[in-house]
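*Asks:* Before we start, here is the structure in question, set down as structure tokens.
The values are calculated or read from the model by the stated rules, or taken from the named source; none is laboratory data. If you're wondering where the values come from, they're calculated on a predicted model, not measured in any experiment. Note that we place each Cβ from the backbone using ideal geometry, even for glycine, and neighbour counts take in every protein chain shown. SASA here: full protein model, heavy atoms, side chains in, ligands and nucleic acids out. Shrake-Rupley method; radii C 1.70, N 1.55, O 1.52, S 1.80 Å.
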Amino acid sequence: MDFKTCQKLYSAARIGKYARACSCDKRKTMQLYRYNLRLCQRFCGALNLFEVMLRNAINEHYMAYYSNPDWIVNQADIGKLLEFNMDEIKQTEASYRRRGIYNNDKMVASLTMGFWTKLFSKKRYKRGGKTLLRIFPNKVKGKSQSDVYKDLPHIREFRNRIAHHEPICFDGSGNISTDFARKHYQLIRDYISYMGQHPDNVIQWTEKPDEVLDMIDKLR
């Protein structure tokens, strides 16, 4: 694909950001664009594994804490943990029951990353008996509920940035940089470790982003 076709397909405005970072070197611009795509693809795998681990750990914790496999529906009521998600949860439950496919696994899979991260907010954490940090048996000493509630939204926003096809290979001034991506990669790895798993053992199920991060650094 030549540079003009690249601009036509992906828009001059989008490609322009890459071109400016590459001093208008056309070959380097298209190379950087491809590397960013590959980096996003690789992060999708790591983020997928992390999100599934997180929501399953939370689900298992609250099933045990409330002694109820249907804790999600049960807690979607006035004054309970999931009061603020009550309408959404009741509607989802009703839809699954109408189709005869309701179960806890369906409910867990239907809820967004935002739902799971917000369970660490001060109010929800308190309503959940201040117990949710137990899903992080290996967290560093002193890591508090408020710390976790600051960290997890960063991972969610990074995930959403990738999902909305935004670049993750620049710094705040538009220069080529992997600092942003590496910071979030380390955060993902940290929280996998906090959940009691070795990050490399988990992320080996998908293609790691390390190689592509290094390739982008060489373009600077």
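*Asks:* Listed residues Tyr96, Tyr62, Tyr33, Tyr66; which is of a type in the set (Phe, Trp, Tyr) and open to solvent by 40 Å² or more (accessible area, probe 1.4 Å)? Before the answer, list the steps.
*Replies:* Values: Tyr96 fails: open to solvent by 40 Å² or more (accessible area, probe 1.4 Å); Tyr62 fails: open to solvent by 40 Å² or more (accessible area, probe 1.4 Å); Tyr33 fails: open to solvent by 40 Å² or more (accessible area, probe 1.4 Å).
Criteria check complete, one pass: Tyr66.
*Asks:* I've got another one for you. Report every pair of residues separated by at least 6 positions or lying on different chains whose Cβ atoms are under 7 Å apart, first residue within segment 93-114 and on the phi < 0 side of the Ramachandran plot, second open to solvent by 60 Å² or more (accessible area, probe 1.4 Å) and part of a helix (DSSP H, G or I).
*Replies:* Close Cβ pairs satisfying both conditions: Tyr96/Lys106; Met113/Arg159.
*Asks:* Follow-up question, since we're still on this one. Identify all residues within segment 157-196 that are open to solvent by less than 50 Å² (accessible area, probe 1.4 Å) and either at pLDDT below 95 or of a type in the set (D, E, K, R) (or both); write none if there are none.
*Replies:* Matches in segment 157-196: Arg189, Asp190.
*Asks:* Give the residue that is most open to solvent (accessible area, probe 1.4 Å), with candidates limited to residues of segment 118-139 that are assigned to a helix (DSSP H, G or I) and in contact (Cβ under 8 Å) with a residue 40 or more places away in the chain.
*Replies:* Arg134
*Asks:* Being open to solvent by less than 50 Å² (accessible area, probe 1.4 Å) and in a helix (DSSP H, G or I): is that true of Tyr102 here?
*Replies:* Taking the combined requirement at face value, the residue does not satisfy it.
*Asks:* When you go through Asn36, Asn74 one by one, which is the residue that is of a type outside the set (Ser, Thr, Tyr) and touching a residue at least 24 places away in the same chain (Cβ under 8 Å)?
*Replies:* None of the others qualify; the one that does is Asn36.
*Asks:* Residues in segment 44-87 that are of a type in the set (Ser, Thr, Tyr) and assigned to a helix (DSSP H, G or I): how many? Let's see the steps before the verdict.
*Replies:* So in segment 44-87, the residues of a type in the set (Ser, Thr, Tyr) come out as 62, 65-67.
This time we only want the ones that are assigned to a helix (DSSP H, G or I), so: 62, 65.
Qualifying residue count, segment 44-87: 2.
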